[in-house]
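Participant: Below you will find the structure I want to go over with you.
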Amino acid sequence: MSEERPIEEDAVNEENVVSAEPVAMTEEPVAAAAEETAQMGDAVTSVPMPTSGAQKTDVLAIVALVFGISSIVFGVCCGLFAALLPIAAIICGFISKGKIAKDPNLKGGGMALTGIILGFVSIVVIGLVTMLGVANAIMNNMK
C-alpha cells in the first residue's frame, strides 16, 4: 500500500518547470552549422566511402560445402551417387577459391576450403568402406 506524501513547495518552482511555449527558429543556428562545416573543409570529404557495397558469398563456395557434407553423409550407403559428390565438392571448392582470390568483393573462402577438405575425407572414407566390403565378400566366399 502506498502512502500519499504531500508535495513539498520547494520541489515545484519556476526553475524546475519546462516551458511549453514553442521556440521560434532563427537562421543563426543553421548559419553557424554551415560555417562550422565550411571550416572543416576537406576533413568531411576525405572519409573513404565504400564503392562496391557489402561483400557477397560466392555461390560455388556454398555448393562445395553442401556437396562435401552430403558426400560424408551419403558416402557410406549410396554407391555411385556418393562417389560423385566428393568429386563435385572438390571441383566446386577449387573453382570458388580461384574466384574469391581474384575478386575482393566475394567471400566464402572458408566454406570452399571446408568443401574441399570434406570431399577428400569422403573419398578416403568411401575407399575404406569399399575395401572392407570387398574383404568381407572374399572372406565369406572362402568359407
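Participant: Based on other C-beta atoms within 10 Å, arrange T57, T114 from fewest to most.
Facilitator: Ascending number of Cβ neighbours within 10 Å: T57, T114.
Participant: Could you give the Stokes-Einstein D for the stretch 84-131 in µm² per second, using the C-alpha Kirkwood radius, 25 °C, 0.890 mPa s?
Facilitator: It comes out at roughly 220 µm²/s.
Participant: Once you keep just the Cα pairs under 8 angstrom separated by 6 or more residues, what percentage relative contact order results for the stretch 56-142?
Facilitator: Relative contact order of the stretch 56-142: 40 percent.
We did not get these values from a lab; they are worked out from the coordinates using the rules stated. Worth saying up front: this structure is predicted, and the values here are computed from it rather than measured. Positions of Cβ are backbone-derived with ideal geometry, glycine not excepted, and every protein chain shown enters the neighbour counts.
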